[in-house]
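One structure is given below, encoded as structure tokens.
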Amino acid sequence: MRNRNEYTYDVLVIGGGPAGIAAACAAAPHARVAIVDENPALGGQIWRNSFPARQSHPSGPWHNRLQQTQATRLHGLRVFDAPAFNTLHAEAPDGLHILRYNKLILATGARERFLPFPGWTLRNVIGAGGLQAMVKSGLPVAGKRIVVAGSGPLLLAVAAFLKSHGAQVVAVCEQAPPRQLAHFATSIVAYPSKISQAVQYRTQLAAVPYRIGWWPVTAHGKSQVESVTLTNGARRLTLDCDFLACGFHLVPNTELPALLGCSLHNGFVAVDSLQQASVPNVFCAGEITGIGGLDKSLIEGSIAGYASTGQNSPARKLFAKRNKALGFAAAMERAFAPRPELRRLPAPQTTVCRCEDVAHELLQQHDSWRSAKLHTRCGMGPCQGRVCGAATEFLYGWPGESIRPPILPVRFDTLAEAEKPTAQH
Amino acid sequence: MSSNCDAIVLGAGIVGAACAMELAHAGMSVTVVEPGVIGGGATAAGMGHIVVMDDSPAQLAFTHYSQQLWHVLAPQLPPAAEYETPGTIWVAADEVEMQEVARKQSIYVTRGLPVRVLDSHALLHEEPHLRPGLAGGLLVSSDAVLYPPVAADYLLQQALSSGASLIRQAALQAGEGKACLANGDILSSPRIINALGAAAPSLAPGLPVHPRKGHLVITDRAPGFVRHQLVELGYVRSAGSGTADSVAFNVQPRKTGQVLIGSSRQYNAHDKSVDHQILQRMMQQTRRYMPGIDKLSVLRTWTGFRAATPDKLPLIGPHPADPTLFLATGHEGLGITTALATGKLIRHILTGSGSEIPVEPYLPARAFHPTTETAHA
């Protein structure tokens, strides 16, 4: 029999990225707080392997602040179910963890959106953030030719990162039309930190072409990618490469809030001014309420942390800053909206669901996600639609389905023991 | 708008699809009414086990006949229907259940079914992941499995290519030769077949059909982990109980290599969300028989509603109170197995074609009691 661990906290924070860290920092002085993350260390996607970091890194002050609190850190826990009132179940290598709470703060972040095009399943075609994470975990890219393509501010950050690790970044290709992006560039004048960051990336990427309004149409190669053809609608261009780092901006990880019954609006969790979701005692912060990047996550996390412990006054003091961050998020959403041409990228034979090898032409015969799932197995594999769900929503306009436990694949005994009536109670 | 046809089939689950196919093949003009995904109700929630069961002579005749129909149809099914014949092993935990193995064997043999009694050793040889120490089992090698939504869609496509039409609307009312649809259209037909499964009473009030909720769990791919459909003989007790919630060890190898795990039965459960307590009981029961399953990864759980009748036999044939209304529901956990036979019986009843088995045990009239008797009870 494997271990069974039970905890109760006043405030339980799910997600150890910036929003979760800020929430824990704000709540911890006034409550018993735990912060839970599925990775071996805190930091989330953006601060992966840089928490703790050098003091000069933006995460430095937050690391110090969290250190000074009594917040418990629970690493390597994957939350898969919400089986009872104020209770979550998580799996760790040692078995089931039962987490009880009075207040819950969800900061589960976002993942990259992948859109299928011919060749996107070739080896070494990897998500932009995914490749960055692999390099942080030790994948050598020195001297490798890498094309970075897709959409969103992440592309520039990843390209700069790859270059700093010795990669030869062949080009950065952003699908957003130049006019759409120019409008965004003008609007970020209101956000000086964003400008300095953009300038910094551009400086680091001097001599790397940044092609705005270009998108990938085909990746070529036998067993792995050897080149990629891109277009701007009028012209085509083929670039040789060893890696194609490709992601189309971000989609929120709303599985857990949806399982808890939180209302969603346009795919994001709906929250009030104190970051409270529609379900009592549940607060949400960061990318799951709208893709807005680091500043929005830190501010919303702080507000949620304060509000969850009744500190409404410091929470309110952050409203003005949050409004600004929300303005930036809205501008970003407009700027990096995927262009309709991307719906025409997959060929009839192009795989859309990688887990179950389901081709575009099969899916086109269906009129709903459920119909496609039941009749083609699309989304039925180990990723449970996390990869293809965002693509099918964009390609075919299918909204997702209601969610059932477990929200992540979990060992049979973990799920079976999870339901065992607790003899102690 | 209103239109006429020879027969209206309400519901495109596997039973409705089979009825539509048979009637279309008989030359009738058929309209199928289904607002949702084809085979998206209990059909999608079921295991797709095509099994001969012998709770009663009528059940044995019906399941055996229908299984033979599936065997004949199998070569025409699309690969995505995942039709396979792994056989069933009825697992006996102890010597008392071995007596049940002997009883079952004698009955199955009289029908010419290929069966083999397994002792404790032979059982482990067939299924190495079962717990050692089980008494044995009965291997019925003709039992099959398939993937029901694709099979239902295949049957419906057969109907459509024989001239049937499909209307993607919900029916709000049915009877006296008319079906009223959600969009206001009225369909007229002297024959309306209610094949709505557990939802059948919504259009035929007073029908003695009750939802019996079930849970299923599916694992990630683990090819060869289970080789036959394995069902504990205690299942008969579980499935037979008319009122109490119950669980039974019931696992199935899918063609994908995944393991599909049942089964649970609950009355008076109308909420389709996963019930953690019964799910836990079901999974604990599975672990008792198959401890090695602990290390497999669970991908998904879901629920569905079987259409249960008091005597565990389906309702197939005319509604006693409305000569235009026909029923094809009440199949409980055997809707996939007996869909094809149901289609044949409906065809026989509506067209007078010959029938290979007697229809009387399944006629709905048996389940409707005169009101005086009900009041008396």
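The values are calculated or read from the model by the stated rules, or taken from the named source; none is laboratory data. Computed from a predicted model, the values in this text were never measured in an experiment. Heads up, the Cβs are rebuilt from the backbone with ideal geometry, glycines too, and the neighbour counts pull from every protein chain shown. Accessible surface areas use protein heavy atoms only, side chains included; no ligands, DNA or RNA. Shrake-Rupley method; radii C 1.70, N 1.55, O 1.52, S 1.80 Å.
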Scanning for something over 24 Å from B:LEU216 (Cα atoms), in contact (Cβ under 8 Å) with a residue 40 or more places away in the chain and open to solvent by 20 Å² or more (accessible area, probe 1.4 Å), does region B:36-47 turn up at least one residue? no
Looking only at region A:400-417, count how many residues are within 25 Å of A:ASP94 (Cβ to Cβ) and more than 9 Å from chain B (Cβ to nearest Cβ). 2
Out of A:LYS324, A:LYS296, sole residue that is in a helix (DSSP H, G or I), open to solvent by less than 20 Å² (accessible area, probe 1.4 Å) and within 20 Å of A:ILE188 (Cβ to Cβ): A:LYS296
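Among the listed residues A:ALA34, A:ALA110, identify the single one that is under 27 Å from A:PRO280 (Cα atoms) and in contact with an Asp or Glu (Cβ under 7 Å, 6 or more places away or on another chain). Let's see the steps before the verdict.
Working: A:ALA34 fails: in contact with an Asp or Glu (Cβ under 7 Å, 6 or more places away or on another chain).
Result of the check over A:ALA34, A:ALA110: A:ALA110.
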Among the residues of region B:246-255, is there at least one that is at the interface with another protein chain (Cβ under 8 Å from one of its Cβ atoms) and open to solvent by 20 Å² or more (accessible area, probe 1.4 Å)? no
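Report yes if A:LEU230 is open to solvent by less than 10 Å² (accessible area, probe 1.4 Å), more than 25 Å from the chain's Cα centre (by Cα) and on the phi < 0 side of the Ramachandran plot, otherwise no.
In short, yes.
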If we ask which residues in region B:271-284 are open to solvent by 30 Å² or more (accessible area, probe 1.4 Å) and either within 7 Å of chain A (Cβ to nearest Cβ) or in a helix (DSSP H, G or I) (or both), their number turns out to be 3
I'd like to verify a number: residues in region A:304-314 that are open to solvent by less than 40 Å² (accessible area, probe 1.4 Å) and without any contact (Cβ under 8 Å) to a residue 60 or more places away in the chain, how many? 1
Leading residue by the ranking (least open to solvent (accessible area, probe 1.4 Å)) among those in region A:381-399 that are in contact with a Cys (Cβ under 7 Å, 6 or more places away or on another chain) and facing another protein chain (nearest Cβ under 10 Å): A:GLY381
If A:VAL225 passes every condition in (1) under 21 Å from A:LEU154 (Cα atoms); (2) open to solvent by less than 10 Å² (accessible area, probe 1.4 Å) but one, which one does it miss? (1)
Strands (runs of 3 or more DSSP E) contained entirely in region B:287-351, each with at least 3 residues that are within 30 Å of A:GLU91 (Cα to Cα) and either within 14 Å of chain A (Cβ to nearest Cβ) or under 22 Å from the mean Cα position of the chain (by Cα) (or both): B:297-308
Could you tell me how many of the residues in region A:6-40 are within 12 Å of A:LEU74 (Cβ to Cβ), open to solvent by 10 Å² or more (accessible area, probe 1.4 Å) and free of Cβ contacts under 8 Å to residues at least 60 places away in the same chain? 4
Mind checking which residues of region A:229-241 are within 17 Å of A:ARG344 (Cβ to Cβ) and either among the aliphatic types (A, V, I, L, M) or not assigned by TED's automatic domain parsing to the domain that holds A:TRP120 (or both)? A:LEU230, A:ALA234
Limited to region A:272-293, what total is found for residues that are over 15 Å from A:ALA329 (Cα atoms), aliphatic (A, V, I, L, M) and either assigned to a loop (DSSP other than H, G, I, E, B) or without any contact (Cβ under 8 Å) to a residue 12 or more places away in the chain (or both)? 3
Only residues that are open to solvent by less than 30 Å² (accessible area, probe 1.4 Å), over 22 Å from A:VAL271 (Cβ atoms) and among the aliphatic types (A, V, I, L, M): list them for region A:327-352, please. A:ALA335, A:LEU342, A:LEU345, A:VAL352
Quick one: would you say A:ARG370 is facing chain B (nearest Cβ under 10 Å), touching a Gly at 6+ places or on another chain (Cβ under 8 Å) and open to solvent by 40 Å² or more (accessible area, probe 1.4 Å)? yes
Yes or no: region A:60-70 includes at least one residue that is of a type in the set (A, V, I, L, M, F, W, C), closer than 30 Å to A:ASN281 by Cβ and not assigned by TED's automatic domain parsing to the domain that holds A:LEU345. yes
For region B:98-116, does any single residue satisfy the condition of being under 30 Å from B:GLY39 (Cβ atoms) and in a helix (DSSP H, G or I)? yes
Scan (1) without any contact (Cβ under 8 Å) to a residue 40 or more places away in the chain; (2) in a strand (DSSP E or B) for the single condition B:PRO132 breaks and write down its number. (2)
For residues that are open to solvent by less than 20 Å² (accessible area, probe 1.4 Å) and in contact with a Phe, Trp or Tyr (Cβ under 7 Å, 6 or more places away or on another chain), scanning just region B:138-191, find the one that is nearest to the other protein chains (Cβ to nearest Cβ). B:LEU146
Going by the conditions given, is B:PRO364 more than 25 Å from B:ILE278 (Cβ to Cβ), surrounded by 19 or more Cβ atoms within 10 Å (Cβ to Cβ) and either modelled with pLDDT of 95 or more or of a type in the set (Ser, Thr, Tyr) (or both)? yes
Do we have A:GLY261 as at pLDDT 95 or above, small (Gly, Ala, Ser) and buried (at least 16 other Cβ atoms within 10 Å of the Cβ) here? no
The number of residues in region A:88-110 that are in contact with a Lys or Arg (Cβ under 7 Å, 6 or more places away or on another chain) and open to solvent by 10 Å² or more (accessible area, probe 1.4 Å) is 2
Would it be correct to say that A:ASN124 is surrounded by fewer than 21 Cβ atoms within 10 Å (Cβ to Cβ) and within 25 Å of A:ALA270 (Cβ to Cβ)? no
Yes or no: region B:74-95 includes at least one residue that is out of contact with any helix residue (DSSP H, G or I) (no Cβ under 8 Å at 6 or more places or on another chain), loosely packed, with under 14 Cβ neighbours inside 10 Å and closer than 20 Å to B:GLY234 by Cα. yes
How many residues does region A:258-289 contain that are of a type outside the set (A, V, I, L, M) and at negative phi? 13
Pick from region B:315-330 the residues that are in contact (Cβ under 8 Å) with a residue 60 or more places away in the chain and within 12 Å of B:CYS19 (Cβ to Cβ): which of them is surrounded by the most Cβ atoms within 10 Å (Cβ to Cβ)? B:ALA328
Selection within region B:13-27 - closer than 17 Å to B:PRO314 by Cβ, open to solvent by 10 Å² or more (accessible area, probe 1.4 Å) and aliphatic (A, V, I, L, M): B:VAL15
